[in-house]
1. Only strands (runs of 3 or more DSSP E) wholly contained in the range B:1-116 count here; list those with 3 or more residues that are within 16 Å of ligand 1 (Cβ to nearest atom) and open to solvent by 30 Å² or more (accessible area, probe 1.4 Å).
2. What are the pairs, 6+ residues apart or on separate chains, where a residue within the range B:109-121 that is facing chain A (nearest Cβ under 7 Å) has its Cβ under 8 Å from a residue that is part of a loop (DSSP other than H, G, I, E, B) and among the charged types (D, E, K, R)?
3. Please give the number of the condition B:Lys107 fails out of (1) out of contact with any helix residue (DSSP H, G or I) (no Cβ under 7 Å at 6 or more places or on another chain); (2) of a type in the set (D, E, K, R); (3) modelled with pLDDT of 95 or more.
4. Can you tell me how many residues within the range B:61-83 are within 14 Å of chain A (Cβ to nearest Cβ) and either free of Cβ contacts under 8 Å to residues at least 60 places away in the same chain or not hydrophobic (A, V, I, L, M, F, W, C) (or both)?
5. Kindly provide the set of residues from the range A:47-92 that are open to solvent by less than 10 Å² (accessible area, probe 1.4 Å) and either part of a loop (DSSP other than H, G, I, E, B) or free of Cβ contacts under 8 Å to residues at least 60 places away in the same chain (or both), ordered by number.
6. Please go through the range B:204-215 and give me each residue that is surrounded by 17 or more Cβ atoms within 10 Å (Cβ to Cβ) and either more than 16 Å from ligand 1 (Cβ to nearest atom) or modelled with pLDDT of 95 or more (or both), ordered by number.
7. Restricted to the range B:2-46, and to residues that are away from ligand 2 (no atom under 14 Å from the Cβ) and among the polar types (S, T, N, Q), which residue is farthest from B:Gly222 (Cα to Cα)?
8. Would you confirm, using the coordinates I've provided, whether A:Val223 is of a type in the set (Val, Ile, Thr) and at pLDDT 95 or above?
Amino acid sequence: MANTVLENATAAPVAPEEPHVLRSGETLPWIVVLVALVALPLVFTGGSQISTLNYLGVMAIFALSYNLLLGQTGLLSLGHATFFGLGGFAATHAVLGFAEAGVNFPLPLIPLIGGVVAFVLGIFGGWLASGRGGMPFAMITLGLSELVYSASNLFPSLYGSEEGVSMDRMDLGSSFGMDYGANSHIYVIVADCLVISAVVLKYFTTTPLGLLTNAVRDNAERVEFLGFSARRVRMWAFAVAAGFAGVAGSLAALNVEIMTVNELGAATSTLVLLMTYIGGTRTFFGPVLGAVVIGLMRIWLSDITPAWMMYFGLLFIFVVMAVPGGLAEMLQGGRRLITSGLLRAQLRPLAGVALAGAVGFAGTVILVELGYRAGLDASLGPAIRILGLPLDTTRPLSWGLGLVLVAGGGWALRQQLDALATRRHALAQPHREAVQ
Amino acid sequence: MTNAIEIEDLRKSFGPVEIIRGVNLELRRGERHALIGPNGAGKSTLFHLISGRLPATSGKIRLNGHEIQGKSPAEIAHAGLSRSFQITNIFPEMTVLENLRCAVLWKLGHRYSVLRPIRRLRDVNAECERLLVELGLQDRRAERADTLTYPEQRALELGLAVASGAGTLLLDEPMAGMSHTETAAALDLIKRVTEGKTLLMVEHDMGVIFEVADRISVLVYGEIIATGTPEEIRANPAVQEAYLGTATEEAA
Ligand SMILES: Nc1ncnc2c1ncn2[C@@H]1O[C@H](COP(=O)(O)OP(=O)(O)OP(=O)(O)O)[C@@H](O)[C@H]1O
Ligand SMILES: [Mg+2]
């Protein structure tokens with residue numbers, strides 16, 4: 001609440017021409033993404049590190065495509081992985097087919113094939129799912145994806161059996177001066193595809209059809225009275241989103257040289273939903289941020305702790321409850337705060353919030369880790385080091401420490417948030433009067 | 001010349017209750033026609049039937065001679081009908097400018113286009129500019145529609161209806177909730193944009209009605225009990241008894 005007051009109060013006079021497309025905050029993320037794409041492979045040079053970067057890039061494209069549905073058109077698809085997977089299988093079979101026919105098809109164009117196949121299938125799927133938005137749409141996408149997933153049993157030649165379909169990305173030979181043996185060669189393709197996808201998807205939002213997707217999200221009924229079919233708008237959004245999911249799936253296939261039915265299953269659909277939501281659906285690059293954060297959590301956190309899924313869930317709940325705009329909006333809020341010149345006046349309560357939050361978080365970590373050790377990992381013994389502390393699952397004191405930190409942190413957080421709100425209110429007051 | 005709208009024995013029931021009970025109504029091309037009647041008479045329901053939001057139980061509706069009953073709202077819009085809503089029905093999370101852009105896209109032929117960014121479409125820009133000025137919303141163009149004041153939202157609601165350029169307009173209480181000066185401005189706007197068009201308007205303010213309407217129809221309990229010029233309606237004893245009564249004296 002206090003936040004919005006602040007926002008309105010400090011907003012610059014309304015820009016006369018283009019209010020939506022080029023907000024000042026819109027160029028910075030592009031620069032960050034481009035710099036990161038160039039810099040990251042220079043910093044992380046190991047083969048498996050590059051493969052991780054490839055994975056993150058793939059997920060970034062996948063999440064961007066998903067947000068065309070979720071954020072732009074207001075459609076909750078529960079089966080977006082279908083097109084990720086189908087695109088991946090199309091790409092895999094294309095590589096196999098070209099290799100067998102001895103055609104020297106340039107590997108970087110393979111994602112185009114996966115994308116087009118997914119786009120065409122997306123038109124069908126979109127037509128089926130798009131009669132209405134909301135719950136019916138979500139249920140139909142879920143049904144369609146289950147259908148496609150279970151069809152894997154019927155078409156083993158298409159989906160491969162249990163172990164999936166594998167290929168050798170070097171079979172198509174060299175092109176553009178690369179033989180595609182090294183992961184860094186795939187990185188070049190992934191990075192280019194990410195930039196192209198982002199540009200095309202961004203462009204899409206500026207077109208009449210892009211505007212209509214927002215209109216359908218806001219008020220699908222009214223769109224009809226303006227002469228448009230909400231169904232057609234949803235269908236095209238669905239098809240375009242499917243197409244880019246297919247590009248992402250193709251890249252995933254090129255990265256690991258194997259496609260399995262898991263790629264088009266419910267877990268993958270859930271993953272992209274969480275990435276997009278946690279990153280932020282109302283900011284163009286929010287999903288990219290979500291894909292990177294969640295992708296890294298999956299990789300790094302799973303090395304550090306067996307309970308990584310738990311933190312994943314906690315993060316999701318935190319975002320849903322505390323920052324519905326996602327991590328991107330959190331960053332934007334921080335940036336606004338810094339540029340507004342009001343940061344200093346709020347530094348104390350902000351530090352208090354951070355400290356209280358950290359204490360509560362530490363307590364949560366202790367409880368989660370103790371719980372895991374006591375339960376699933378009991379065979380490893382009761383003694384465990386958490387956050388550098390020697391704790392023991394059999395000692396009540398260990399549990400007590402966690403509980404005290406959670407309760408104390410939570411209580412303090414409340415106090416500090418109140419203090420922050422009061423502070424912001426006080427700061428906003430004179431501005432508000434000036435505006436009125 | 002065919003009438004803009006012809007309604008024949010139109011009926012609508014919600015469950016066992018018949019709300020529209022055999023309405024016959026003709027809108028002459030180019031006339032400004034007011035629809036009045038007490039609360040709950042079925043005025044909005046009649047609008048929903050004409051515009052395709054609700055299916056009629058029976059009866060015929062013709063727009064410029066073509067039957068439109070049973071068609072979708074979009075098809076009816078293509079046939080040349082546009083409407084506003086009694087309960088504000090805009091795109092809340094989009095800016096005022098974006099709201100208007102959506103409304104002018106169809107008539108300018110940029111239907112589901114992805115060929116160019118919308119801000120490069122000169123005709124769309126010019127048309128939206130004109131509308132913004134006309135609606136008095138030019139300073140609010142970059143605001144989200146849900147942050148507008150109520151009268152501003154009503155102006156935008158009206159704007160969405162008139163932006164489509166349809167030949168026939170249905171306006172459901174366009175001035176409800178507006179202040180005196182806002183009403184005057186809205187009335188001015190309505191008169192301007194409906195120049196040469198056919199207008200059917202629900203309105204409770206008798207002053208407004210007698211100023212704008214060429215003819216008036218009175219709907220009571222789902223039936224049209226009288227249609228005529230303002231003078232005829234004012235003099236009609238059945239109308240006075242059923243509805244106008246004291247309102248006439250106030251207006252006079
Ligand atoms: N969807 C519906 N289901 C059941 N009854 C309805 C429905 N819509 C409207 N009604 C009923 O139909 C009657 C007419 O409603 P309507 O909104 O058309 O009246 P109105 O003349 O526009 O009134 P007002 O001047 O208050 O706007 C009311 O009694 C209302 O309760
Ligand atoms: Mg009504």
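The values are calculated or read from the model by the stated rules, or taken from the named source; none is laboratory data. From a predicted model like this one, the values you see are computed outputs, not experimental measurements. Note that we place each Cβ from the backbone using ideal geometry, even for glycine, and neighbour counts take in every protein chain shown. Heavy atoms of the whole protein, side chains included, go into the accessibility calculation; ligands, DNA and RNA do not. Shrake-Rupley method; radii C 1.70, N 1.55, O 1.52, S 1.80 Å.
1. Output list reads B:5-14, B:17-27.
2. B:Arg119/A:Glu17; B:Arg119/A:Glu18
3. Failing condition for B:Lys107: (3).
4. 12
5. Passing the criteria: A:Thr73, A:Leu75, A:Ser77, A:Gly79, A:His80.
6. Of everything in the range B:204-215, those that are surrounded by 17 or more Cβ atoms within 10 Å (Cβ to Cβ) and either more than 16 Å from ligand 1 (Cβ to nearest atom) or modelled with pLDDT of 95 or more (or both) turn out to be B:Phe210, B:Val212, B:Ala213, B:Arg215.
7. B:Thr2
8. For A:Val223, the condition - of a type in the set (Val, Ile, Thr) and at pLDDT 95 or above - is met.
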